[in-house]
Structures are given as structure tokens and as C-alpha cells.
Amino acid sequence: MKKLLVRDDLVTGLSRSLQIDDGELAMELLPELKGLSYYASGERGDAFISFTDARRNVGHPVTLVRL
């Protein structure tokens, strides 16, 4: 999967599943992912930052778009 669109009601659960600090693990989860778009309101605004930071740190950035 290269692009993923996450509905508002799934943001919290998926972002928790993707919270990782290890760059190696970042590549095991959705290794082909290039873009992640999500609907979020309030405190969920930065839901995927740790995942995208880990991917960027290992040289495989993911474009993050909050809708």
C-alpha cells in the first residue's frame, strides 16, 4: 500500500498501533507507504508524528496530510 486515508473514527486506534521509536520497526509496518492522509479534530491533530518521524529518520519518509 502506497497511500492510506484514515477516517476520523479510526485515527486514535491506528495511531496507537503505529507508535514506535525504533526506525527498523518503522519499516516493517507498511513498508511501501509514501503518503498518509487522515481526518482529525482536536487533540488528534498530531496523531501520526512519531511514525512519520521514525520513517524519515531511516530514509523512507511518509508525507503526512491532515484533512
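Figures for the structure shown
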read-out	value
Neighbours by Cβ (under 6 Å, 6+ apart or cross-chain): first from region 42-64, outside any loop (DSSP other than H, G, I, E, B) and surrounded by 16 or more Cβ atoms within 10 Å (Cβ to Cβ); second modelled with pLDDT under 85 and not hydrophobic (A, V, I, L, M, F, W, C)	A54/G23
Close pairs from region 26-40: first surrounded by fewer than 16 Cβ atoms within 10 Å (Cβ to Cβ), partner among the aliphatic types (A, V, I, L, M) and in a strand (DSSP E or B), Cβ under 6 Å, at least 6 apart	S37/L5; S37/V65
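Yes or no, residue by residue, for (1) touching an Asp or Glu at 6+ places or on another chain (Cβ under 8 Å); (2) modelled with pLDDT under 90:
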residue	(1), (2)
L5	no, no
V11	no, no
E28	no, yes
G45	no, yes
S50	yes, yes
D53	no, yes
L67	no, yes
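The values are calculated or read from the model by the stated rules, or taken from the named source; none is laboratory data. Note that this is a predicted model, so its numbers are computed, not measured. Positions of Cβ are backbone-derived with ideal geometry, glycine not excepted, and every protein chain shown enters the neighbour counts.
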